1. If I ask for residues that are in contact with a Lys or Arg (Cβ under 8 Å, 6 or more places away or on another chain) and over 19 Å from T326 (Cα atoms), which ones from segment 212-261 would you list?
2. Enumerate the pairs (first residue in segment 161-180 and closer than 15 Å to V126 by Cβ; second residue anywhere and modelled with pLDDT of 95 or more and surrounded by fewer than 16 Cβ atoms within 10 Å (Cβ to Cβ)) with beta-carbon separation below 8 Å, excluding pairs fewer than 6 apart on the same chain, so at least 6 apart or on different chains.
3. Is one or more of the residues making up segment 166-179 under 21 Å from the mean Cα position of the chain (by Cα), among the acidic types (D, E) and in the same structural domain as Y213 (by TED's automatic domain parsing)?
4. Can you tell me which of V187, V126, V88, V159 is modelled with pLDDT of 95 or more, over 25 Å from M359 (Cα atoms) and either under 21 Å from the mean Cα position of the chain (by Cα) or buried (at least 20 other Cβ atoms within 10 Å of the Cβ) (or both)?
5. Among the candidates V60, V88, single out the residue that is in the same structural domain as Q221 (by TED's automatic domain parsing), part of a helix (DSSP H, G or I), farther than 19 Å from P259 by Cα and in contact with a helix residue (DSSP H, G or I) (Cβ under 8 Å, 6 or more places away or on another chain).
6. List the helices (runs of 4 or more DSSP H) inside segment 105-170, counting only whole elements, that have at least 1 residues being within 20 Å of S241 (Cα to Cα).
7. Would you confirm whether or not segment 295-310 contains a residue that is part of a loop (DSSP other than H, G, I, E, B) and closer than 26 Å to E155 by Cβ?
Amino acid sequence: MQKSNVVFQKASHLKVNSKLPDVGTTIFTVMSRMAAEEGAINLSQGFPDFDAPAELLSLVEKHMRLGHNQYAPMEGLMILREQIAAKVERLYGAQFDPETDITVTSGATEAIHSSISALVQPGDEVIILEPAYDCYIPSIKLNGGIPISVELNSEDFSVPWEQVQASISERTRLIMINTPHNPTGTVLSANDLNQLAAIIRDTKILVLSDEVYEHIIFDGQKHNSVLTHPELAKRSVAVSSFGKTFHTTGWKIGYCVAPAFISREIRKVHQFLQFSVHTPSQFALAEYMQSLDSYQFLADFYQQKRDLFLKLTEKAPFKPLPSRGTFFQLFSYRGFSDMPDRELAEKMTKVNKLACIPMSVFYREKKDNHYLRFCFCKGDDTLTRGAEILSSL
C-alpha cells in the first residue's frame, strides 16, 4: 500500500462558537471520577451500588430471547404506556390516554430536554427554582430560552411563591418545579400546588414537573404530583424515571405524561432526538409493573436507609437538614468549617476518601450556603463506612 504524503496540520483558523460557553463537565462526572481515582467511597452521584431486582433482569433476558430486539414504536410500547396510565390513575386519580398522553423516553433527562425543546421558543422565559438540577438551564439556553431563577428559602428550601409571581412577565412560557426535590430532599405540599395554580390561572404559562423520585417519599407523606391537581394537570408535563424506581439508572428509560396537545409537540422532538427506547427493557418493565409490589415498597426501603445513615452520623460535626424524599441527605457544615463547599468536597474525597456533592453547583451564581449533599441509595456496608469517615472528622 502506498504511503500517503498528506500532512494534517492544526486548522487554527477554524472555530466553534459554543452554545454553552459557561458549561463544563457536570459535577457528577467530576466527583465520581475523582472518587474512582482516589479510591474514595462514592456518596456523590445518585446511583445505587446494589443490583436491580432479579425478576426484572430475568424478564429482560426473556424478552431478548423472545426476539423483541428491534425498534419499539417511537412513543413507546403500548403495553408499557398502559401500565403507566394505570399507575397514574391508581396513585393520583387522574386519567390519561396511553395512546396520546404518555411518551416513553431515553431517561428523564431526555424527557425534560424534549419538553423544553417543544414548548420554549427563542426569547421565552422559563422560571426555575434554585438550587436546581444541572440539566435545566442548559436545555433552556440551547433552545433560545431565558432562564429566570427564583431562590428557594435558604433555611428550609420552601418555595417563595410571592417571588415566583413577581418574576412572571409577558414572556414567561414555562415554570419548572421538582418534587421530591433534588438536591434538598424537600417536597411540595397540596397548598404549594394550589398557589402555583392560582399564579398561572389567567396566563398561558405551562408547567414542567420533574417527579423522578415520586415513589421515594418518607414519613407517611403523600407525593403531590401535578397530576393530582385537576387544574394543573391540564397544562403540565410530569416527568418520571424507571431508573430511580427500579435501581436501573444505566438503562436510561423514563417517561412523560401530559395532555395530548402538549404530548403531540414533545413527540415531534423526541422522534428526532432519540426515536425509540430499548425494546426488551420496555417489555420487561411492562410485565414487571403488573405487580404493585414492584414500586410500592420503595418509600419504606429508602426510609430505612435514610434513618440508618442519620443514626450512623449522629456524632458527625455536621447538622442534617430533614430529607423528606429522594435518596439524598443534606448536611450543613457551618459549625465545622468556613471552607468553600467545593473545596471541602474535593478535600474530603482526596484526603478522607469520601466523595459528596457541593451544593453551590446547583446555583447559577454558585451560592455557597455551606451544605454538602450525600447519597444514601447504597448498601448498608457502604453507608456504614461513609458514616465512620464523617464521624471521625
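1. Listed by number, the residues that qualify are E231, P259.
2. I168/T203; R171/G123; T172/T203; R173/Q121; R173/K204
3. Scanning segment 166-179, I find no residue that is under 21 Å from the mean Cα position of the chain (by Cα), among the acidic types (D, E) and in the same structural domain as Y213 (by TED's automatic domain parsing), so the answer is no.
4. V88
5. V60
6. In segment 105-170, 107-119, 136-142 are the helices (runs of 4 or more DSSP H) which contain 1 or more residues that are within 20 Å of S241 (Cα to Cα).
7. no
Let's see how each residue does on (1) farther than 30 Å from R334 by Cβ; (2) in contact with a Gly (Cβ under 7 Å, 6 or more places away or on another chain); (3) of a type in the set (D, E):
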{"position": "K234", "(1), (2), (3)": "yes, no, no"}
{"position": "G254", "(1), (2), (3)": "yes, yes, no"}
{"position": "V277", "(1), (2), (3)": "yes, yes, no"}
{"position": "L285", "(1), (2), (3)": "yes, no, no"}
{"position": "S291", "(1), (2), (3)": "yes, no, no"}
{"position": "E314", "(1), (2), (3)": "no, no, yes"}
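The values are calculated or read from the model by the stated rules, or taken from the named source; none is laboratory data. A quick note: this is a predicted structure, and the numbers were derived from the prediction, not measured. Cβ sites come from the backbone with ideal geometry, for glycine too, and all protein chains shown count toward neighbours.
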